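Enquirer: Just passing along the structure, written as structure tokens.
The values are calculated or read from the model by the stated rules, or taken from the named source; none is laboratory data. Just so you know, these numbers come straight off a predicted model, no measurement behind them. Backbone-built Cβ (ideal geometry, glycine too); neighbour counts: all protein chains shown.
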Amino acid sequence: MHINISILQQTLTLLDDMGNVNAQYAISSAANGVGCEKNSGCTPLGAHIIRAKIGDHQPINAVFVGRRPTGEICTPALMAEFPNRDWILTRILWLSGNELGKNRLGNVDTMQRYIYIHGTPDVIAVGKPDSHGCIRMRNVDIIELFNRVPVGTSVMIAE
């Protein structure tokens, strides 16, 4: 398995070991564009792996803060109560960079930046850059992807 993320097309494509497309999903990358530096709010480019999978068996729309489920379920009322929250929902695929000096270690470390592939509220559109750096997906899509990929799956993020 391998994942290709296209910033230009705002898609995530899951490929098998032969390069055949198994699935393709709409995503949202960073509103600030691409970049690897800490505190940039940008989506990092280059070769990554899925370092950890978080949220197995959590309900759809489960809310995560600091990679831990809060016990909350995202609803319009909860979103109105916390309008500035960056909603991380349902499942988390935590990414780690593979390219020293580009997206790993120092001031450009994807894992230390807490860059994930994660679910987002259904009322937030995907298909256009809008995140704080992570890759957002529809909740049903992140569940499907989460169930299909193991830890260690390679992820290429390209413009």
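Enquirer: Mind checking which residues of the stretch 105-139 are of a type in the set (Val, Ile, Thr), over 14 Å from residue 93 (Cα atoms) and touching a Gly at 6+ places or on another chain (Cβ under 9 Å)?
Expert: Within the stretch 105-139, the first condition is being of a type in the set (Val, Ile, Thr), and the residues that meet it are 108, 110, 115, 117, 120, 123-124, 126, 135.
Imposing the further condition that a residue be over 14 Å from residue 93 (Cα atoms) reduces the set to 108, 123-124, 126.
If the condition is that a residue be of a type in the set (Val, Ile, Thr), over 14 Å from residue 93 (Cα atoms) and touching a Gly at 6+ places or on another chain (Cβ under 9 Å), then 108 is the only one that fits.
Enquirer: Given the conditions (1) surrounded by fewer than 18 Cβ atoms within 10 Å (Cβ to Cβ); (2) touching a strand residue (DSSP E or B) at 6+ places or on another chain (Cβ under 9 Å); (3) farther than 18 Å from residue 137 by Cα; (4) among the hydrophobic types (A, V, I, L, M, F, W, C), which single one is not true for residue 36?
Expert: It is condition (1) that residue 36 fails.
Enquirer: Here's another thing I want to ask about it. If you check every pair at least six apart or on different chains, which have Cβ atoms under 6 Å apart with a residue in the stretch 23-43 that is among the charged types (D, E, K, R) first and a residue that is modelled with pLDDT of 95 or more and not in a loop (DSSP other than H, G, I, E, B) second?
Expert: 37/107; 37/108; 38/107
Enquirer: Hey, could you check the stretch 93-109 for residues that are without any contact (Cβ under 8 Å) to a residue 40 or more places away in the chain and at negative phi and say which is surrounded by the fewest Cβ atoms within 10 Å (Cβ to Cβ)? Steps first, answer last, please.
Expert: Step one: filter the stretch 93-109 for residues without any contact (Cβ under 8 Å) to a residue 40 or more places away in the chain, giving 100-101, 104-106.
Checking which are at negative phi leaves us with 100, 104.
Values: 100: 11, 104: 20.
Among those that are without any contact (Cβ under 8 Å) to a residue 40 or more places away in the chain and at negative phi, it is 100.
Enquirer: Of the residues 72, 37, which single one is among the charged types (D, E, K, R) and under 14 Å from residue 103 (Cα atoms)? Even if it seems obvious, please write down each step before you answer.
Expert: Working: 72 fails: under 14 Å from residue 103 (Cα atoms).
None of the others qualify; the one that does is 37.
Enquirer: Ok, one more. Taking the stretch 31-58, which residues are among the small types (Gly, Ala, Ser) and within 16 Å of residue 93 (Cα to Cα)? Give the derivation first.
Expert: In the first step, residues of the stretch 31-58 are kept if they are among the small types (Gly, Ala, Ser); the result is 31, 33, 35, 40-41, 46-47, 52, 55.
47, 52, 55, listed by residue number.
Enquirer: Go through the stretch 56-156 and tell me which strands (runs of 3 or more DSSP E), entirely inside it, have 2 or more residues that are more than 24 Å from residue 44 (Cβ to Cβ).
Expert: On the way: elements: 62-65, 68-73, 88-97, 116-120, 135-138.
Strands (runs of 3 or more DSSP E) meeting the threshold: 62-65, 68-73.
Per-residue answers, yes or no, for (1) closer than 14 Å to residue 135 by Cβ; (2) surrounded by fewer than 14 Cβ atoms within 10 Å (Cβ to Cβ); (3) in contact with a Phe, Trp or Tyr (Cβ under 9 Å, 6 or more places away or on another chain); (4) not acidic (Asp, Glu):
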site: 48; (1), (2), (3), (4): yes, no, no, yes
site: 59; (1), (2), (3), (4): no, yes, no, yes
site: 67; (1), (2), (3), (4): no, no, yes, yes
site: 81; (1), (2), (3), (4): no, yes, no, no
